[in-house]
Amino acid sequence: MTRRRALILRHGESAHNAHTGSEELAAAEGDLLTEVGQAQARTAGEGIAALGLGVTRLLTSPMRRARETAAALAGPLELEPEVVEYAHEVGISESFAAAVGRVRRLRTELEVQREGELPLLVSHGIFTRFFLVEAMLGERFEESMVPEIWHLATSNCALTTFASGESTYPDAGLVPGWTCLSWMERPWDRP
């Protein structure tokens, strides 16, 4: 089995994330990174580059907060962001089947990447949660589980690492499919 890895980074703090008022922000206004989010993105870019992970592709959701985060990563990683149109936030009116279908599309595309490639996708907390649960449960992932998925904490500009073909059971048998090696880490923030 070919060994593969993929990284998913949640975008930096958006105006929507930081908003504490009772009135909702307009979509265009809420989708912008705050000054804190811009600083988080710059720090993440420098941190990921310093870790020497060997990222070979920089992918991003089409949403502005993700594209702004990817733009801050581009310089330190020496990569141009590539928009992945279907890696956007889960929409309010989007069906569960459509959201899971987008996650499965990403998984399928990751499974055909060349050995040695390491893509980093700048995306969203709920998309990353869906990827995790779908990787663990596959066809057993049901819509009734969605409320519980919100209990999985996510942080702005935090990195999650997924792997395929390298995790083993205690009896040394290979775990099929994708496994989560790390969840929402910010190793560049450690002393």
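Tabulated results
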{"item": "Condition check for Thr154: open to solvent by 10 Å² or more (accessible area, probe 1.4 Å), assigned to a strand (DSSP E or B) and of a type outside the set (Phe, Trp, Tyr)", "result": "no"}
{"item": "Flag if Leu137 is of a type in the set (A, V, I, L, M), in contact with a helix residue (DSSP H, G or I) (Cβ under 9 Å, 6 or more places away or on another chain) and part of a loop (DSSP other than H, G, I, E, B)", "result": "no"}
{"item": "Members of the stretch 98-114 found to be under 19 Å from Met136 (Cα atoms) and touching a residue at least 24 places away in the same chain (Cβ under 8 Å), listed by number", "result": "Ala99, Val100, Arg102, Val103, Arg104, Leu106, Arg107, Leu110, Glu111"}
{"item": "Scan of the stretch 159-185 for residues that are within 30 Å of Ala39 (Cα to Cα), in contact with a Ser or Thr (Cβ under 7 Å, 6 or more places away or on another chain) and open to solvent by 30 Å² or more (accessible area, probe 1.4 Å), ordered by number", "result": "Cys180, Leu181, Trp183"}
{"item": "Residues that are open to solvent by less than 40 Å² (accessible area, probe 1.4 Å), more than 12 Å from Phe131 (Cβ to Cβ) and among the small types (Gly, Ala, Ser), drawn from the stretch 84-114", "result": "Gly91, Gly101"}
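The values are calculated or read from the model by the stated rules, or taken from the named source; none is laboratory data. Predicted model, so just to flag it, every value in this text is computed and none were measured. A quick note on method: Cβ atoms are made from the backbone with ideal geometry, for glycine too, and the neighbour counts reach across all protein chains shown. Quick note on the areas: whole protein, heavy atoms, side chains included, nothing else; ligands and nucleic acids left out. Shrake-Rupley method; radii C 1.70, N 1.55, O 1.52, S 1.80 Å.
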